[in-house]
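**Q** Got a structure for you, questions after.
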Amino acid sequence: MEDGTSKSLGHCGDTAADYDVLQWDTRVDCEVRQILDRVADKWSLLVIALLDQRSLRFSELKRKIDGVSQRMLTRTLRHLERDGLIERTVYPTVPPRVDYALTPLGASLHTTIKALVVWTETHQHEIATARDSYDLRTREAEALQHVSA
């Protein structure tokens, strides 16, 4: 086997050993990267957060998630269902009723997402101050370049 070649498709490191961000491999076949891309997507985060409260129908999710298209919500739900994070229940009614709910795996992910939201809420003022400071420095530097040009 060539040096640097993984033993199996999708293998891209083990973060349990010495943690290294480079183990979040950017190769297309890296399962860890694919999963991170999926769960960090803004629509997925919103769906998971909403379903933590209770199961919802497609139309309820669409109404509660501002700006999501029907196509994007459909794709997001299919991906989350495929990953085992949500379950889809179809009721034999006319018209058919479909409910979406978190699985235990999805609920465990929500705990992590909630911690990230709490961190963001706690530090939002510090981040806003840092942004303002950065923007001011950038404007001043641009003004100096414009004057000297």
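The values are calculated or read from the model by the stated rules, or taken from the named source; none is laboratory data. Bear in mind that the values here come from a model prediction, so they are computed numbers and not experimental data. FYI the Cβ positions are ideal-geometry reconstructions off the backbone, even for glycines, and counts take in every protein chain you see. Accessible surface is based on the protein model in full, side chains and every heavy atom, while ligands, DNA and RNA are left aside. Shrake-Rupley method; radii C 1.70, N 1.55, O 1.52, S 1.80 Å.
**Q** Please state which one of R71, R88 is open to solvent by 60 Å² or more (accessible area, probe 1.4 Å), assigned to a helix (DSSP H, G or I) and within 23 Å of Q34 (Cβ to Cβ).
**A** Details: R88 fails: assigned to a helix (DSSP H, G or I).
Only one candidate passes the filter, namely R71.
**Q** Confirm whether E121 is open to solvent by 100 Å² or more (accessible area, probe 1.4 Å), assigned to a helix (DSSP H, G or I) and of a type in the set (D, E).
**A** Working: open to solvent by 100 Å² or more (accessible area, probe 1.4 Å): yes; assigned to a helix (DSSP H, G or I): yes; of a type in the set (D, E): yes.
The answer is yes for E121.
**Q** Here's a follow-up. Is there any pair with a first residue in segment 48-65 that is over 16 Å from E87 (Cα atoms) and a second that is assigned to a helix (DSSP H, G or I) whose Cβ atoms are under 6 Å apart and which are 6 or more apart or on different chains, and what are they?
**A** Partner pairs satisfying both residue conditions: K62/L73; K64/L50; I65/L46.
**Q** Looking at segment 50-68, which of its residues are farther than 18 Å from P95 by Cα and either buried (at least 16 other Cβ atoms within 10 Å of the Cβ) or basic (K, R) (or both)?
**A** Our first condition is that a residue be farther than 18 Å from P95 by Cα; within segment 50-68, this holds for 50-55, 63-68.
Selection gives L50, L51, D52, R54, R63, K64, I65, V68.
**Q** Would you point out the residue of segment 30-43, among those that are touching a residue at least 40 places away in the same chain (Cβ under 8 Å) and open to solvent by less than 80 Å² (accessible area, probe 1.4 Å), that is nearest to L105 (Cα to Cα)? Before you say what the answer is, go through the steps one by one.
**A** Here is the first cut: in segment 30-43, the residues touching a residue at least 40 places away in the same chain (Cβ under 8 Å) are 35, 38-39.
Then keep just the ones that are open to solvent by less than 80 Å² (accessible area, probe 1.4 Å); that gives 38-39.
Numbers: R38: 14, V39: 12 Å.
Top of the filtered list is V39.
**Q** Given T111, T103, T129, which one is β-branched (V, I, T) and surrounded by 13 or more Cβ atoms within 10 Å (Cβ to Cβ)?
**A** T103
**Q** Something else now. Please pick out the residue among L80, L46, L51, L73 that is modelled with pLDDT under 95 and under 15 Å from the mean Cα position of the chain (by Cα).
**A** Working: L80 fails: modelled with pLDDT under 95; L51 fails: modelled with pLDDT under 95; L73 fails: modelled with pLDDT under 95.
None of the others qualify; the one that does is L46.
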